[in-house]
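The values are calculated or read from the model by the stated rules, or taken from the named source; none is laboratory data. As the structure is a prediction and not an experimental result, all values here were calculated from the model. Cβ coordinates were reconstructed from backbone atoms using ideal geometry, including for glycine residues, and neighbour counts include every protein chain displayed.
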Amino acid sequence: MPKTFALVVVLAAFAAGSVAADTEPKIAEFTLGNGLEVVVVPDHRAPVVTHMIWYKVGAADETPGKSGLAHFLEHLMFKGTALNPGDSFSREVAAVGGQENAFTTSDYTGFFQRVPRERLKEMMALEADRMTGLVLTDEVVRPELNVVLEEQNMRVANNPSGRLTEQMDAALYLNHPYGRPTIGWRSEIEKLDRDDALAFYRHFYSPNNAIVVVAGDVTVDEVKADAEETYAKVGARADIAPRRRPQEPAPQAPRTVTLADPRVEQPSVNRAYLVPSRTTAKPGESEALDVLAHALGGGGNSRLYRNLVVDQRLALNAGASYAGTALDYGKLLVYGAPKPGISLHDLEVAIDGVLAAVSEHGITEDELERAKNRLIAEAIYAQDNQAALARWYGAALATGDTVAAVRDWPDRIRAVSAEDVRAAARTWLNMRASVTGYLVQSLKPEEKHS
Amino acid sequence: MKAKRLSSRLAVAVIALVACAAPAGATTVEHVVSPAGIEAWLVREPALPLITVEFAFVGGAVQDLPGKLGTASLVAATLDDGVGDFDSKTFHDRLERKAVELNFEAERDAIHGSLRTLTVNRDEAFDDLRLSLTRPRFDAGDVEINRAQLLSLLRRATTNPTDIASRSWWETAFTGHPYGRPVQGTLESLPAITVDDLKTYTRRVLARDNLKIAVVGDIDADAVKQMLDRVFGDLPARAELAPIATVSPQGLGRRIVVKLDVPQAVVNFGGPGIARKDPDFIAAYIVNHILGGGAFSSRLYQEVREKRGLAYSVYDRLVWLDHAAIFLGGTATRADRTAATVDLIGEEIHRLAEAGPTADELVKAKAYLNGSFALNLDSSSKIAALLVQLQLDDIGFDYLDRRAALIDAVTLEDARRVARRLLDNGLLVTVVGRPEGLVSTSSD
């Protein structure tokens with residue numbers, strides 16, 4: 001699953017005077033005749049490329065009753081085509097020591113390979129082939145369904161906090177399909193089959209519904225030429241309907257869920273607020289949420305950690321984060337794990353006290369500056385990892401953001417004021433638009449331990 | 001002392017990986033020695049305004065005293081809190097304001113550390129690192145916070161099937177040896193550790209003669225030499241490490257089932273490995289890749305996941321420690337198929353031990369391992385971590401030059417012989433969950 005804040009690549013302004021202007025990557029984008037968008041992120045440190053394709057379809061685009069289908073299809077995309085049967089794609093990648101994998105979220109499904117630069121065109125040809133050429137038989141589909149069920153066991157069924165997250169999302173979204181787990185509800189995964197997968201594939205996998213991101217030691221002209229000879233030959237299969245999902249009604253009531261499992265040795269309180277995503281936010285709003293989340297709960301000097309862990313000694317850990325890369329809604333998450341002997345209730349009261357103080361008085365100029373420095377530096381650190389960089393661009397574009405918006409993110413962070421942060425806290429730390437989730441060992445009333 | 005500088009060309013792909021605009025092959029790993037005699041391996045990469053320093057002190061959790069297990073972990077957790085004249089809050093303020101990343105972690109054989117900074121802030125960052133290594137405060141309040149967090153992790157581990165399977169494997173394989181003890185200590189030992197214990201451990205282990213350093217980024221050799229003396233120069237010259245016995249894993253042929261009410265059973269399996277400096281190590285590395293290494297083509301991946309859908313993850317890796325070598329694998333599968341999965345893995349290991357890999361598998365594994373080595377090094381941190389590991393392994397500054405040839409030199413005969421040597425010793429298997437039809441057994 002992707003990082004929760006947008007990637008950034010501009011660095012000249014932050015390290016003013018110390019960084020040569022030509023270190024700023026020149027991002028290029030173009031669109032093929034069949035509608036496929038292509039983004040090129042130059043990185044000439046090594047003769048390596050990261051090649052990714054992002055389909056603008058995810059779990060939130062599934063038909064109700066077929067949850068898990070986007071993710072199941074992601075797995076099945078490795079089963080071969082008529083031209084490249086079986087695992088011949090994977091064998092080509094392994095033959096050069098390349099890396100490959102895939103991922104699915106509510107909003108997108110992505111596939112990537114990291115290979116020596118001279119293999120880029122071959123990767124493009126293979127990826128173009130499986131955009132429309134997938135061949136599925138029950139012989140390969142059925143074992144893969146069991147693989148997915150074991151993945152669900154690992155991520156969710158065996159994992160109490162994974163189950164709590166599912167329940168909190170289901171409670172946070174009353175109407176929007178973000179309430180369904182990306183991996184699917186187990187009872188529905190079990191019923192998925194080959195026909196479901198192929199229908200979904202034919203409906204959504206098309207050049208006019210995809211973005212290719214190439215990061216690495218390549219020029220725009222090379223990528224263009226290779227894309228024309230590979231991807232451009234795939235015809236657009238279908239008109240892709242606008243992605244209009246059922247929206248959330250006006251929030252009315254705070255919700256709580258409690259997940260009890262005898263294996264829970266460390267209880268926790270977790271709060272999710274429904275907030276705008278980068279795509280739906282008004283100008284400056286999501287950046288204020290970035291700064292708010294960092295000042296509240298990013299690391300050992302944040303308000304929550306300082307107040308609850310260090311000063312009041314109520315919690316073992318506490319923090320906050322903003323998940324803003326989404327087509328429809330973002331989430332602001334706040335959490336705390338109590339020390340032994342401290343009840344979840346007492347910890348929650350203390351957390352609410354910290355949140356109320358920020359809503360009331362905002363953050364200091366010093367907190368503002370530290371948070372902004374830290375966020376903007378992430379943009380520079382991110383450039384050190386080519387695959388992460390490609391992934392940030394892809395995730396942004398697949399959720400309706402633009403290259404320019406990603407590139408200019410540090411400037412917008414720089415523009416956030418303490419008043420913006422206070423306003424964001426007042427507006428978005430709204431209990432009516434929240435779910436509070438408790439992870440506990442048993443549903444019996446909490447006992448005080450000394 | 002006169003500084004000496006050695007150079008070694010990296011293997012072709014690695015050269016390119018860290019090469020800037022200069023012609024391919026121009027980038028080198030430099031062996032830098034400071035005026036005070038402190039050594040580091042350096043890859044200069046001026047393309048980005050960043051510097052990464054990775055380092056390790058030999059002597060990690062194995063140097064914990066009996067009854068004080070977890071000392072190394074608690075030291076690592078607390079080193080970056082209060083330092084010198086700065087209390088924890090002031091120090092974290094400093095780090096955050098300049099976006100300096102400073103981390104320490106205790107492993108079995110070493111305390112690892114890393115520093116990442118923007119070039120523009122390097123002087124402050126190096127000062128921060130120096131203070132954390134040479135003047136940690138271990139203020140009681142900070143120690144208690146870190147201790148409580150470690151205890152919470154240990155409590156959680158008591159009901160986590162992955163943690164239980166791993167712990168059961170290690171404590172069975174290395175009964176009576178420091179490798180059999182949990183790296184993070186126990187619920188009983190952590191509360192017994194005093195601030196004096198932390199200071200004593202730090203004085204014993206954070207020294208210059210057991211220190212390995214790598215630097216990657218926008219910094220030249222002269223600046224690295226200055227940094228080395230400034231940051232590490234005040235450390236004691238010699239570490240005081242307790243001797244650790246060399247050991248082989250026990251419990252081969254045993255299966256240990258731990259009951260836990262979870263739908264998916266977690267399995268670990270493994271046996272003796274081959275030492276890093278053993279002439280057969282590279283062949284073993286190839287054999288392990290064919291059995292359960294990182295590619296989708298491995299035998300275990302194909303048989304367990306691809307053909308039968310028994311698991312999402314199945315892997316096997318060589319683990320080389322300072323005083324032991326093992327191979328260790330894992331998977332997780334549903335209760336009613338656990339017995340079949342464990343049997344299948346055992347059969348696949350036996351089949352590879354008996355007949356060895358095929359010629360085709362060997363060719364493909366060599367191509368993969370030669371290509372993936374550089375492709376996996378996709379960040380400064382990973383490059384620096386590799387350079388530290390090569391120093392810990394003590395296999396020579398020229399290893400990067402020799403690696404591809406060493407892999408290419410492995411013959412099918414070598415691979416068959418080493419497959420039997422590696423995989424024909426019996427397995428220690430641990431299973432946690434409610435597997436149907438599986439019970440604990442003793443050694444055959």
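Is at least one residue of region A:374-381 farther than 20 Å from residue A:27 by Cβ, in contact with a strand residue (DSSP E or B) (Cβ under 6 Å, 6 or more places away or on another chain) and crowded, with 16+ Cβ neighbours inside 10 Å?
No; the residues of region A:374-381 include none that is farther than 20 Å from residue A:27 by Cβ, in contact with a strand residue (DSSP E or B) (Cβ under 6 Å, 6 or more places away or on another chain) and crowded, with 16+ Cβ neighbours inside 10 Å.
Quick check: anything in region A:70-84 at the interface with chain B (Cβ under 10 Å from one of its Cβ atoms), at pLDDT 95 or above, in contact with a Leu (Cβ under 7 Å, 6 or more places away or on another chain) and under 21 Å from residue A:230 (Cα atoms)? Talk me through it step by step, then tell me what you get.
Filtering region A:70-84 down to residues at the interface with chain B (Cβ under 10 Å from one of its Cβ atoms) leaves A:75, A:78-79.
Filter once more, so that each one left must be at pLDDT 95 or above: A:75, A:78-79.
Now restrict to residues that are in contact with a Leu (Cβ under 7 Å, 6 or more places away or on another chain): A:79.
When the remaining residues are screened for being under 21 Å from residue A:230 (Cα atoms), the result is A:79.
Checking region A:70-84: at least one residue is at the interface with chain B (Cβ under 10 Å from one of its Cβ atoms), at pLDDT 95 or above, in contact with a Leu (Cβ under 7 Å, 6 or more places away or on another chain) and under 21 Å from residue A:230 (Cα atoms).
Out of all the residues in region B:93-112, which are among the charged types (D, E, K, R) and modelled with pLDDT of 95 or more?
Of everything in region B:93-112, those that are among the charged types (D, E, K, R) and modelled with pLDDT of 95 or more turn out to be B:101, B:105, B:107, B:108, B:109.
Starting from residues that are within 20 Å of residue A:132 (Cα to Cα) and either at pLDDT below 95 or within 13 Å of chain B (Cβ to nearest Cβ) (or both), keep the ones in region A:94-110 and report whichever is surrounded by the fewest Cβ atoms within 10 Å (Cβ to Cβ).
So in region A:94-110, the residues within 20 Å of residue A:132 (Cα to Cα) come out as A:100-104, A:108-110.
Checking which are either at pLDDT below 95 or within 13 Å of chain B (Cβ to nearest Cβ) (or both) leaves us with A:100-102.
Numbers: A:100: 19, A:101: 13, A:102: 15.
Here the residue is A:101.
Could you check how many residues of region B:171-222 are in a helix (DSSP H, G or I) and aliphatic (A, V, I, L, M)? First the steps, then the outcome.
Step one: filter region B:171-222 for residues in a helix (DSSP H, G or I), giving B:171-173, B:178-180, B:190-192, B:195-205, B:221-222.
Filter once more, keeping what is aliphatic (A, V, I, L, M): B:173, B:190, B:192, B:195, B:198, B:205, B:221.
Residues flagged as in a helix (DSSP H, G or I) and aliphatic (A, V, I, L, M) within region B:171-222 amount to 7.
Restricting to region A:355-371, name every residue that is crowded, with 21+ Cβ neighbours inside 10 Å and in contact with an Asp or Glu (Cβ under 9 Å, 6 or more places away or on another chain).
Passing the criteria: A:362, A:370, A:371.
List, please: which pairs have Cβ atoms under 8 Å, are six or more places apart or on different chains, and start with a residue in region B:220-238 that is under 16 Å from residue B:136 (Cα atoms) and end with one that is among the polar types (S, T, N, Q) and buried (at least 16 other Cβ atoms within 10 Å of the Cβ)?
Sorted first by the residue in region B:220-238, then by its partner, the pairs are B:233/B:34; B:234/B:134; B:235/B:134.
Does residue A:258 satisfy being under 30 Å from residue A:441 (Cβ atoms) and in contact with a strand residue (DSSP E or B) (Cβ under 8 Å, 6 or more places away or on another chain)?
yes
Which one is surrounded by the most Cβ atoms within 10 Å (Cβ to Cβ) among residues in region A:335-354 that are aliphatic (A, V, I, L, M) and touching a strand residue (DSSP E or B) at 6+ places or on another chain (Cβ under 6 Å)?
To start, the set of residues in region A:335-354 that are aliphatic (A, V, I, L, M) comprises A:337, A:342, A:344, A:347, A:349-351, A:354.
Then keep just the ones that are touching a strand residue (DSSP E or B) at 6+ places or on another chain (Cβ under 6 Å); that gives A:337, A:344, A:347, A:351.
On the way: A:337: 23, A:344: 19, A:347: 23, A:351: 25.
Across region A:335-354, the extreme among qualifying residues is A:351.
Restricting to region B:247-263, and then to whatever is surrounded by 18 or more Cβ atoms within 10 Å (Cβ to Cβ), within 14 Å of residue B:342 (Cβ to Cβ) and not hydrophobic (A, V, I, L, M, F, W, C), can you tell me which residue is nearest to the other protein chains (Cβ to nearest Cβ)?
Ranking the qualifying residues of region B:247-263, first place goes to B:255.
Name the residues in region A:277-295 that are surrounded by 24 or more Cβ atoms within 10 Å (Cβ to Cβ) and away from chain B (no Cβ under 14 Å), would you? It would help to see each step written out before you state the result.
Quick first cut of region A:277-295, residues surrounded by 24 or more Cβ atoms within 10 Å (Cβ to Cβ) only: A:278, A:286-295.
Those that are surrounded by 24 or more Cβ atoms within 10 Å (Cβ to Cβ) and away from chain B (no Cβ under 14 Å): A:278, A:286, A:287, A:288, A:289, A:290, A:292, A:293.
Taking residue B:84, is it of a type outside the set (A, V, I, L, M, F, W, C), on the phi > 0 side of the Ramachandran plot and more than 12 Å from every other protein chain (Cβ to nearest Cβ)? Let's see the steps before the verdict.
On the way: of a type outside the set (A, V, I, L, M, F, W, C): yes; on the phi > 0 side of the Ramachandran plot: yes; more than 12 Å from every other protein chain (Cβ to nearest Cβ): yes.
In short, yes.
Residue B:140 is checked against (1) crowded, with 20+ Cβ neighbours inside 10 Å; (2) aliphatic (A, V, I, L, M); (3) within 14 Å of chain A (Cβ to nearest Cβ) and fails just one. What number does that condition carry?
Failing condition for residue B:140: (1).
Taking residue B:207 as the residue in question, decide whether it is at pLDDT 95 or above, within 21 Å of the chain's Cα centre (by Cα) and within 22 Å of residue B:37 (Cα to Cα).
On the way: at pLDDT 95 or above: yes; within 21 Å of the chain's Cα centre (by Cα): yes; within 22 Å of residue B:37 (Cα to Cα): yes.
Against the criterion (at pLDDT 95 or above, within 21 Å of the chain's Cα centre (by Cα) and within 22 Å of residue B:37 (Cα to Cα)), residue B:207 qualifies.
Just the residues that are in a helix (DSSP H, G or I) and more than 26 Å from the chain's Cα centre (by Cα), please, taken from region B:333-345.
Looking only at region B:333-345, we keep the residues that are in a helix (DSSP H, G or I), and these are B:335-345.
Those that are in a helix (DSSP H, G or I) and more than 26 Å from the chain's Cα centre (by Cα): B:335, B:336, B:337, B:338, B:339, B:340, B:341, B:342, B:343, B:344.
Determine if region B:346-368 includes at least one residue that is in contact (Cβ under 8 Å) with a residue 12 or more places away in the chain, surrounded by fewer than 22 Cβ atoms within 10 Å (Cβ to Cβ) and closer than 20 Å to residue B:275 by Cβ.
Yes, some residue in region B:346-368 is in contact (Cβ under 8 Å) with a residue 12 or more places away in the chain, surrounded by fewer than 22 Cβ atoms within 10 Å (Cβ to Cβ) and closer than 20 Å to residue B:275 by Cβ.
How many residues are within 13 Å of chain B (Cβ to nearest Cβ) and either acidic (Asp, Glu) or in a loop (DSSP other than H, G, I, E, B) (or both) when one looks only at region A:111-154?
Count: 6.
If you go through region B:254-301, how many residues are touching a residue at least 40 places away in the same chain (Cβ under 8 Å), within 30 Å of residue A:156 (Cβ to Cβ) and in a helix (DSSP H, G or I)?
So the count comes out to 3.
Please go through region B:245-287 and pick out each residue that is among the acidic types (Asp, Glu) and touching a helix residue (DSSP H, G or I) at 6+ places or on another chain (Cβ under 7 Å). Walk me through it before giving the result.
From region B:245-287, those among the acidic types (Asp, Glu) are B:261, B:278, B:280; that's our starting set.
Across region B:245-287, the qualifying residue is only B:280.
Can you give me the ranges of the helices (runs of 4 or more DSSP H) entirely in region A:179-286 with at least 2 residues that are of a type in the set (Asp, Glu)?
Details: elements: A:186-189, A:194-204, A:220-229.
Qualifying helices (runs of 4 or more DSSP H): A:194-204, A:220-229.
Within 21 Å of residue A:210 (Cα to Cα), assigned to a loop (DSSP other than H, G, I, E, B) and within 12 Å of chain B (Cβ to nearest Cβ) - does that describe any residue in region A:32-45? Reasoning before the result, please.
First, pick out the residues of region A:32-45 that are within 21 Å of residue A:210 (Cα to Cα): A:32-42.
Imposing the further condition that a residue be assigned to a loop (DSSP other than H, G, I, E, B) reduces the set to A:32-36.
Cutting the leftovers down to within 12 Å of chain B (Cβ to nearest Cβ) gives us none.
Looking through region A:32-45, none of the residues is within 21 Å of residue A:210 (Cα to Cα), assigned to a loop (DSSP other than H, G, I, E, B) and within 12 Å of chain B (Cβ to nearest Cβ).
Got at least one residue in region B:33-42 being among the charged types (D, E, K, R), modelled with pLDDT of 95 or more and in contact with a helix residue (DSSP H, G or I) (Cβ under 6 Å, 6 or more places away or on another chain)?
Applying the first criterion (among the charged types (D, E, K, R)) to region B:33-42 yields B:39.
So of that shortlist, the ones also modelled with pLDDT of 95 or more come out as B:39.
Then drop every residue that is not in contact with a helix residue (DSSP H, G or I) (Cβ under 6 Å, 6 or more places away or on another chain), which leaves none.
Checked region B:33-42: no residue is among the charged types (D, E, K, R), modelled with pLDDT of 95 or more and in contact with a helix residue (DSSP H, G or I) (Cβ under 6 Å, 6 or more places away or on another chain).
Do you know which residues across region A:389-402 are touching a helix residue (DSSP H, G or I) at 6+ places or on another chain (Cβ under 8 Å) and buried (at least 19 other Cβ atoms within 10 Å of the Cβ)?
First, pick out the residues of region A:389-402 that are touching a helix residue (DSSP H, G or I) at 6+ places or on another chain (Cβ under 8 Å): A:389, A:392-393, A:396-397, A:402.
Across region A:389-402, the qualifying residues are A:389, A:392, A:393, A:396, A:397.
Considering B:388, B:418, which residue is modelled with pLDDT of 95 or more, within 21 Å of residue B:279 (Cα to Cα) and of a type in the set (Val, Ile, Thr)?
Values: B:388 fails: within 21 Å of residue B:279 (Cα to Cα).
Just a single option satisfies the conditions, and that option is B:418.
Within region B:422-429, does at least one residue satisfy the condition of being farther than 26 Å from residue B:371 by Cβ, modelled with pLDDT of 95 or more, touching an Asp or Glu at 6+ places or on another chain (Cβ under 9 Å) and surrounded by 13 or more Cβ atoms within 10 Å (Cβ to Cβ)?
yes
Among the listed residues B:355, B:415, B:405, B:374, which satisfies the condition of being away from chain A (no Cβ under 14 Å), small (Gly, Ala, Ser) and in contact with a helix residue (DSSP H, G or I) (Cβ under 6 Å, 6 or more places away or on another chain)?
The match here is B:415.
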